[in-house]
Amino acid sequence: MTDQQTKMKILAKQFGDIKKLKNMAAFFPDKKNPFLWHVSFKGPEDSEFQEGIYHCQLNLANYPDKPPEVMVLNQSGAYEPNTLICIVGLTHYHPEGWTPGTSIEAIITALSMIMQLKSDRSGIGMIGTLNSSDIKKYAAKSKEYTCTCGADHTKLFK
Ligand SMILES: [Zn+2]
């Protein structure tokens, strides 16, 4: 198991890495809990989600030894809002498929890419059938989204 001090170093490094990106932004919803993160991310390019900005919560208490608990908080049309998502190799439902060292950036990138996946949407937290008009409606709405963590989508990624 990774000790607490190493864990904090890894998370600090990853927070810094995400800060440099133009399509993700990380926040702490609870200033006393460094393992709870919120991350806003842009929808995958060249997809119906590309105009959207989605906001997810990661519980990194067991990271990097085990995958985080991940849920998307706002509506996307791809993931059930506020529901822990099952993605093999990336989220806590499947610790056996986890590769220690998988970066948070890589997890969010996968979360974004998987939104547009049309086949096998049977996982927990995934909306079974993608509906174009819902996706477009939610993408437009997502640009107005704000969260108590400080995320304000009207100001992000300009
Ligand atoms: Zn938030």
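Straight distance only, please: which lysines reach the Cα of Lys42 with their own Cα at less than 20 Å, same-chain residues fewer than 8 apart left out?
Output for Lys42: Lys19, Lys20, Lys22, Lys118, Lys136, Lys137, Lys141, Lys143, Lys155, Lys158.
About the Cα centre, and with charges only on the beta carbon of Lys, Arg (+1) and Asp, Glu (-1), how big is the dipole of the range 27-158? Nearest 20 debye, please.
For this selection, approximately 340 debye.
Using a 7 Å offset from the Cα along the Cα-to-Cβ direction at both Lys141 and Gln50, what is the distance between the two label points in nm, to one decimal?
Placing both labels 7 Å along Cα→Cβ, they lie 2.3 nm apart.
Just how many % of Cα pairs in the range 4-142 lie over 23 Å apart, if you round to the nearest whole percent?
30
Using a simple spin-label model with points 7 Å from Cα along the Cα→Cβ vector, what separation in nm is obtained for Asp134 and Thr6?
About 4.3 nm, to one decimal.
With the Cα gyration tensor of the range 46-119 in hand, convert its eigenvalues to equivalent ellipsoid semi-axes via √(5λ) and list them largest first in whole Å.
Those come to 21, 13, 11 Å.
For the range 72-144 and the range 3-24, what is the centre-to-centre distance using only Cα atoms, to the nearest Å?
Computed from Cα coordinates, the inter-centre distance equals 21 Å.
Explain nothing, just compute: Karplus ³J(HN,Hα) = 6.51 cos²θ - 1.76 cosθ + 1.60, θ = phi - 60°, for every residue of the range 73-79 in order, whole Hz, x for Gly and Pro.
Whole-Hz 3J(HN,Hα) from phi for the range 73-79: 8, 9, 7, 10, x, 10, 10.
Between His94 and Arg121, what length in nm is gained on full extension when 0.36 nm per residue of separation is reduced by their alpha carbon distance?
8.1 nm
With axes computed from alpha carbons, what is the tilt in degrees of helix 104-114 against the longest principal axis of the chain, rounded to the nearest 10 within 0 to 90?
For helix 104-114, the angle is close to 20 degrees.
I want the local charge near Val70. Using Cβ-Cβ distances under 14 Å, sum +1 for each Lys or Arg and -1 for each Asp or Glu among the other residues.
Its environment carries a net charge of -2.
Can you give the angle from 0 to 90° between the axis of helix 132-142 and the longest principal axis of the chain, with both taken from C-alpha atoms, to the nearest 10?
That works out to roughly 60 degrees.
Please give the FRET efficiency for Lys22 paired with Lys66, using the beta carbon to beta carbon distance and R0 = 25 Å, rounded to the nearest 0.05.
0.25
None of the figures in this text is laboratory data; all of them are computed from the coordinates on show. None of these values were measured; they are calculated from a predicted model. Don't worry about glycine lacking a Cβ; one is built from the backbone with ideal geometry, like all the others, and counts go over all protein chains shown.
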